[in-house]
Amino acid sequence: MARREDLGFRLATGAFALVLILIVCAIGFELTRQSMLSIRKFGLNFWRTETWDPVSGEFGALPFIWGTLYSSILALLIATPIAIGIAVFISELCPAFLRQPLVFLTELLAAIPSIVYGLWGIFVLVPFVRRLEASTPDVLRHTPMFSGPPLGVGMLAAAIILAIMVIPFTSSVAREVLRSVPAAQREGAYALGATRFEAIRAALFYARTGVIGSIMLGFGRALGETMAVTMVIGNNPRVAASLFAPQYTMSAVIANEFTEAADPLYLNALIEIGLVLFIITLIVNALSRLLIWSMARSATRTVPVAAAVETAA
Amino acid sequence: MNRTRRRKLLSSLFVGFCGMSVLLALVPLGFVLFFVVSQGVGSINFGFFTQTPKPVGEVGGGMANSIAGTLMLTSLGSLFAVPIGVVSGIYMSEFAGTTLASAVRFSADTLNGVPSIVIGVFAYGIAVLPFRQFSALAGGLALGIMMIPIIARTTEELLLLVPGTMREGALALGATRARAVFTVLLPAALPGIITGVVLALARIAGETAPLLFTSFNNPYFTTSLRQPMSSITVQVFTYAISPYADWHRQAWAGALVLVSIVFLCSLLARFATRKLAGLQAR
């Protein structure tokens, strides 16, 4: 009697749970279906050509994928050391009474809406970046990385704002990962005469899969971030190496042009950009989750103390 | 000896770097909050909460329609996200070892990482295109999809925190699994689940990208779910990229309202978690 009811319970709740899987599949299916026109017409050339001209119906998405990858990688370069530093400080170094307030503050950094960062970016960060760019020494201005007029809006502003937004994600996951490193690890290192840095380095090394996972999670966030980037990157579909150049990202072009896309091919091209963004973030997120999970699982198993001591020395 | 000194120096440098990174991250936080408050507070007045936007050139006007819109859109989203999220959370914690539970957990985590703009495109495809009409319903759908994974994962984690003895007690008294969950486990985990819902609400209330082409924007006050509906975020975006100083002021005021909502929700959530922790200690 009870068993049959339990089965009913399991099926009923399972049906709800299935909805989650279905949504993910439905997103992939729907985006593919809605972008068929563009996929059929351009094929792989869509991702190799640079011309984005809605008037003549020519769509090449290379500038957007370039802008997305470039801005995210730059943001990651800025954010990763800082985020790991924060995670180490909160979990290993700071006095206990500071821990909760600091956790709260970094979480607040994550809670501020993207649009507010964007607003702040337009009116505060961009003028600041413009001054910074204008005061760049001439020697640097002749290198491709820093060429072009100091507009303020552009890749540099986008990378900075992305870095600010990614830091709390990476640091909170890295903090959790560091917490799962057994205390015996650190004690072993200290017992061997390791300095604080060496002990923490050993802990970071022990937790490396999880730490890499947390960095990738931040990367996934940066790839998909829309509003703040749209508002400061300058929205110019050009492939450029310069940090000062206004560029464009995949999410920004969707946000800006979607409601203007009257022509079906135009709309399909934009949805195809969305589809690829979906696939890329899916892969990055899946990989990072797998890394974090495998870390969590290995942490609950027996502690390989001997290996840890080797790396500490 | 020299080597020891170098190691110690390196160690202090590292400790200093970690402290510095905390400061580095808190500087932008301070700057953002400072500007939002200092720029926003001057434009907040009674009219901001009671009037709808005025055309360019006319001074005054407010965001009454956008504030109402954000409240309606988020409620609409939670209306279907809360049941789906909570029940799938129950499934994941009750049948934790099953393949389906792992698959659902994985889907929730990946869905959580899907860019909000992509969710917007998806909602556009299924709820705007077929009806040829931007609507509040489509916006609510997009927000709801974003809430589901957050609520599901919090529910799962909090149900797992409820002491196993409580479940065993209920089962030993002859309760079915459903009864044990709904009369014993859920009530015990309720404050935590409410926290999760509040946090999810705080997150989606600040979302702009999924609303840009689902609920779109509307300069008028409306309660019709089949019509475009304004929201604070989309309105702030419209104002921010406009060339008018008066609209910029309104944008800062809108940002202040948004940040206040988010801040209140986080405080509320913290309060609820503390209560839950107190319950467990008892």
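Every read-out reported here was derived from the displayed coordinates using simple, explicitly stated rules and does not represent laboratory data. Only a predicted model underlies this, so the values are computations on that prediction, with no experimental measurement involved. Don't worry about glycine lacking a Cβ; one is built from the backbone with ideal geometry, like all the others, and counts go over all protein chains shown.
For this structure, a couple of remarks:
- Selection from B:Ile44, A:Ala157, A:Ala194, by position along the positive dipole direction of the protein assembly as shown (Cβ): A:Ala194
- When the alpha-carbon atoms of region A:89-230 are used, the pair Rg, Dmax equals 19.3, 56 angstrom.
- Two-site FRET efficiency, A:Thr136 against A:Ala15, from Cβ-Cβ distance with R₀ of 56 Å, rounded to 0.05: 0.40
- Anisotropy class of chain B from Cα gyration tensor, a/c 1.5 cut: oblate
- A straight line joining the Cα centroids of region B:71-103 and region A:122-192 runs 35 Å.
- Relative contact order (%) - criterion: Cα under 8 Å, at least six apart; region: region B:48-281: 27
- Average other protein chain Cβ within 10 Å of Cβ, residues A:190-197: 4
- Rounded if a/c under 1.5, otherwise prolate or oblate - chain A, Cα gyration tensor axes: oblate
- Counted as membrane-span-like here are DSSP H helices of chain B whose alpha-carbon atoms extend 24 Å or more along the helix's own axis and whose Kyte-Doolittle mean is -1.0 or above; these are B:2-40, B:64-94, B:136-161, B:186-205, B:245-281.
- Based on Cα contacts under 8 Å between residues 6+ apart, region B:13-115 shows a relative contact order of 11 percent.
- Taking the helices alone, the protein assembly as shown has a mean residue ellipticity at 222 nm of -24000 deg cm²/dmol, built from -39,500 (n - 2.57) per DSSP H run of at least 4 residues and averaged over all its residues.
- A Förster radius of 30 Å, combined with the Cβ-Cβ distance separating A:Asn256 from B:Leu26, puts the computed FRET efficiency at roughly 0.40.
- Region A:160-270, relative contact order in percent, only Cα pairs under 8 angstrom and at least six apart counted: 25
- Segment A:Asp6-A:Trp47, length gained on full extension (0.36 nm per residue, minus Cα span): 9.6 nm
- Taken residue by residue and averaged, Cβ atoms of other chains lying within 10 Å of the Cβ of B:95-107 number 4.
- Packing-based ranking, highest mean first, of B:142-149, A:229-236 given that Cβ atoms within 10 Å are counted: B:142-149, A:229-236
- Between A:Ala222, A:Ala110, A:Ala12, the residue with the greatest mean-square fluctuation in the GNM of chain A (Cα pairs under 10 Å linked by springs) is A:Ala12.
- Charged-residue dipole, Cβ positions (Lys, Arg, Asp, Glu), region B:48-281 about Cα centre, Debye nearest 20: 240
- In sequence order, calculated HN-Hα J values of region A:166-175 (Karplus, 6.51, -1.76, 1.60; Hz; x Gly/Pro): 7, 3, x, 5, 4, 5, 6, 5, 4, 5
- Top of A:Pro237, A:Pro137, A:Pro127 by mean-square fluctuation, Gaussian network on chain A, Cα under 10 Å: A:Pro137
- Cα centroid separation, region A:234-250 to region A:58-112 (Å): 22
- Kirkwood Rh (inverse of mean 1/r, distinct Cα pairs), the protein assembly as shown, angstrom: 25.5
- Here's the picture: charge each Lys and Arg Cβ at +1 and each Asp and Glu Cβ at -1 in the protein assembly as shown, and of B:Leu73, A:Ala75, A:Asn256 the one pushed furthest to the positive end of that dipole is A:Ala75.
- Looking at region B:106-156, none of the chymotrypsin sites (Phe, Trp or Tyr not before Pro) sits in a DSSP loop with at most 13 other Cβ atoms within 10 Å of its own Cβ.
- Across peptide A:93-101, the mean count of Cβ atoms from other chains lying within 10 Å of each residue's own Cβ comes to 1.
- Taking the Cα centre of chain A as origin and assigning +1 to Lys and Arg Cβ atoms and -1 to Asp and Glu Cβ atoms, the resulting dipole is close to 800 debye.
- Inter-part distance where region A:274-292 and region B:112-135 are each reduced to a Cα centre, Å: 20
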